[in-house]
There are 2 protein chains.
Amino acid sequence: MGVTKVPYTPGEAAGRIGVSIDTIRYYEKIGLMDGVQRDSVGRRVFSDHDLSRLGLLRCLRDSGMPIARLRRFAELLQGGDDTAGQRTALLEEHDREIDEKVAQLRLEQQRVREKIAWYRSVAEH
Amino acid sequence: MGVTKVPYTPGEAAGRIGVSIDTIRYYEKIGLMDGVQRDSVGRRVFSDHDLSRLGLLRCLRDSGMPIARLRRFAELLQGGDDTAGQRTALLEEHDREIDEKVAQLRLEQQRVREKIAWYRSVAEH
DNA sequence: CTGTCGGCTGGAGCGCGCTCCAGGTCAATA
DNA sequence: TATTGACCTGGAGCGCGCTCCAGCCGACAG
């Protein structure tokens, strides 16, 4: 059975999620990561829960959600169980936005491929 | 048979491609749109060729190509027929990058959907 | 003849999302 | 004991891709 290491240092957290410590601090500053514990000398101590929260935020960010929206989502997370519906709604909308972005990229890709094909047809005289 | 209107004012060009005039001027400034003609009092006159060039640049930009790379492409366009191979190669690489971006977005979307499913499963007790 | 409009230039400014820095505290190591 | 290293804070700075601005010009409408 795997041992679950509960607390993580900022460096470990950053390494596991794949962000810089500066980014973590920035996220805390702007209210995306409220409630992270501190040790006796003021250093952050990340729980597994904090890590998965950070990971989800990063995933949303990486898939194009702007910080303002991320803040809204983080607020809902703080807001307890009765915000679950709103959290779901927000994620569903993001899901649709990803679909749209992919569709748009595919259209643009289509055009790029047409241009490639055209260059090829010109090349072969 | 459709009449092809050859010259376009900056405003028309902007409207057709869906960018602002400022963006057009910016693109010219940084070397993406060399060779656009001017009328007797210095106003830009866009040909159909200019328009399609601008449209392609925008398409590349919208699909995530950074300005530096766009500059490289624009250079190749200026470089005449013997750069066709390099242009094709550049577009092919961009095509692959779009594939990668889409794949990445789909992974992130997967995770978002798992989270939605999780919220749902919690909601129904 | 006088607006108003669309365009021109060079250069400043902006919004986003970090990223870096100075100056400090503590713990463990040589 | 001295040094190193990880972390802390507040705040400045940055890279990207535009976007806006002041001040100007020339054409055309009323």
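The values are calculated or read from the model by the stated rules, or taken from the named source; none is laboratory data. Not measured: the values here are computed from a predicted model. For neighbour counting, all protein chains shown are included, and Cβ atoms are generated from backbone atoms with ideal geometry for every residue, glycine included. Only protein heavy atoms, including side chains, enter the accessible area calculation; ligands, DNA and RNA are left aside. Shrake-Rupley method; radii C 1.70, N 1.55, O 1.52, S 1.80 Å.
Based on C-alpha pairs under 8 angstrom that are at least 6 apart in sequence, segment B:10-123 has a relative contact order of 18 percent. Taken about its Cα centre, chain B carries a charge dipole of roughly 420 debye when the Cβ of each Lys and Arg holds +1 and the Cβ of each Asp and Glu holds -1.
Distances from A:I67 to itself in the other copies, using label points 7 Å out along the Cα-Cβ axis, amount to 2.0 nm in increasing order. Please report, to two decimal places, log10 I(q)/I(0) for segment B:10-123 at q = 0.21, 0.22 Å⁻¹ as given by the Debye formula with identical point scatterers on the Cα atoms and no solvent. Debye curve over Cα of segment B:10-123, log10 I(q)/I(0) at q = 0.21, 0.22 Å⁻¹: -1.15, -1.22.
Checking every one of the GluC sites (Glu not before Pro) in segment A:1-88 against DSSP loop status and a limit of 14 other Cβ atoms within 10 Å picks out no site at all.
Place a label point 7 angstrom from the Cα of B:W118 along the Cα-to-Cβ direction, then list the residues of segment A:32-51 whose backbone nitrogen is under 13 Å away. Answer for segment A:32-51: A:48-51.
Exposed loop sites were defined as trypsin sites (Lys or Arg not before Pro) in DSSP loop states (anything but H, G, I, E or B) carrying at most 11 other C-beta atoms within 10 Å; in chain B the longest segment without such a site runs B:44-125.
Leaving ligands, DNA and RNA out of it, report the carbon-plus-sulfur percent of the accessible area of the protein assembly as shown at a 1.4 Å probe. For the protein assembly as shown, the apolar C and S fraction of the accessible surface comes to 51 percent.
Comparing Cα centroids, segment B:1-57 and segment A:87-109 end up 31 angstrom apart. Taking the label point 7 Å along Cα→Cβ, B:V45 and its counterparts in the other copies are spaced 7.5 nm apart, in ascending order. Stokes-Einstein D for the protein assembly as shown at 20 °C, 1.002 mPa s, Kirkwood Rh over Cα pairs, in µm²/s? Once the numbers are plugged in, D ends up at 98 µm²/s. Under 5 Å from the amide H of A:M33 lie the amide H atoms of A:E28, each residue being 5 or more positions distant or on a separate chain, with H modelled from the backbone and absent for Pro and chain starts. Near B:Q104, once Lys and Arg are set to +1 and Asp and Glu to -1 for all other residues with Cβ below 13 Å from its Cβ, the sum equals +2.
Across the identical copies, the label point of B:G11 (7 Å from Cα in the Cβ direction) is separated from its matches by 6.2 nm, in order from shortest. The residue of chain A whose Cβ sits closest to the rotation axis that maps A onto B, together with that distance in whole Å, is A:V102, 3.
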